[in-house]
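Below is one structure, written out as structure tokens, with a few remarks after it.
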Ligand code: F6R
């Protein structure tokens, strides 16, 4: 594991964006695994800035989002499909057919999950997976549990996750109770993984994750300890408890 600590969020985001840009230069057909939420926002801003400066193109790349709320259609402002359009896809040159995300309004979530796993297999897996981390250690929406769930699946969101995400909704009751997520297997088989953690709210979970190499499905991110190409990127705030330990 490589650990990179940057002075602030913006510098950390630019560092991650530059890794994506370097990969796309080397392999323009790269498959990117992308998260939503607060953490990747600065990375997407940096990628848009570089795209506008003609420093990167996504025209031959593909993307797979990590997860989507079950029950929200793609036009719903809190859906991850909407987030991706408003924060990245509308501003860069991905082909519309090259960006993949679960259909939140599917009537057959099991089938949607199986299809998604197969679509990832069909492109030979993900080259570069960017991850955020939940305050309970979740990656994608792989919540703490007694076992690791390997493939795309429907998940019941924990109260901690629903409360953490309520800031994007009018109230807690409006936060969907279920989601579809890539499994630990799909995430783990990515060739490179970048775990980005920003802000004081992530300090405690990052210390927990980094200071023990025990693999425990109750801290889903712990599986990443055995990934051969993991880079953890933090700003000083997210790194503070780890550094002071
Ligand atoms: C979102 C996702 C989640 C988030 C995590 C952190 O697609 O996969 O695992 O990365 O919940 O969320 P933020 O970045 O909002 O703190």
Checklist entry - What is the ratio of the Cα radius of gyration of the stretch 1-77 to 2.2 N^0.38 Å, where N is its residue count, to two decimals? => result 1.22
Checklist outcome for this item: Per-residue Cβ contact counts at 10 Å, fewest first, order 57, 63 as 57, 63
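Does the stretch 167-245 come out rounded, prolate or oblate, given a ≥ b ≥ c as the square roots of the eigenvalues of its C-alpha gyration tensor, rounded meaning a/c under 1.5 and, failing that, prolate meaning a/b above b/c?
Values: a/c = 1.95, a/b = 1.18, b/c = 1.66.
Oblate, because a/c is 1.5 or more while a/b does not exceed b/c.
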Checklist entry - How many angstrom lie between the C-alpha centres of the stretch 26-62 and the stretch 65-97? => result 14
Checklist entry - Each label point is 7 Å from the Cα along the Cα-to-Cβ direction; what then is the distance between the points at residue 150 and residue 38, in nm? => result 3.6
Checklist entry - Three principal axis extents, largest first, for the C-alpha atoms of the stretch 56-144, in Å? => result 36, 29, 28
Checklist entry - With the calculation restricted to Cα positions, what are the radius of gyration and Dmax of the stretch 88-187 in angstrom? => result 14.5, 41
Checklist entry - Each label point is 7 Å from the Cα along the Cα-to-Cβ direction; what then is the distance between the points at residue 118 and residue 208, in nm? => result 3.7
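Using Cβ counts within 10 Å as a stand-in for footprinting exposure, how do 36, 156, 106 rank, fewest first?
Numbers: 36 25, 156 12, 106 17.
Final ranking by Cβ density, sparse to dense: 156, 106, 36.
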Item to check | Distance between the stretch 120-139 and the stretch 170-227 - C-alpha centres, whole angstrom | outcome: 9
Item to check | Mean residue ellipticity (222 nm) of the chain, computed from DSSP H runs ≥ 4 via -39,500 (n - 2.57), nearest 500 | outcome: -10000 deg cm²/dmol
Next on the checklist: Please arrange 56, 4, 31 by how many other C-beta atoms lie within 10 Å of their C-beta, fewest to most.
Outcome noted: 4, 31, 56
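Give me the tail of P(r) for the chain as a percent: Cα-Cα pairs with distance above 25 Å.
On the way: 11382 of 29890 pairs.
That fraction is 38 percent.
Computed from the coordinates by the stated procedures, all read-outs in this text should not be read as laboratory data. Just so it is clear, the structure is predicted and the values come from calculations on it, not from any experiment. Note that each Cβ is placed from the backbone with ideal geometry, even for glycine, and that neighbours are counted across all protein chains shown.
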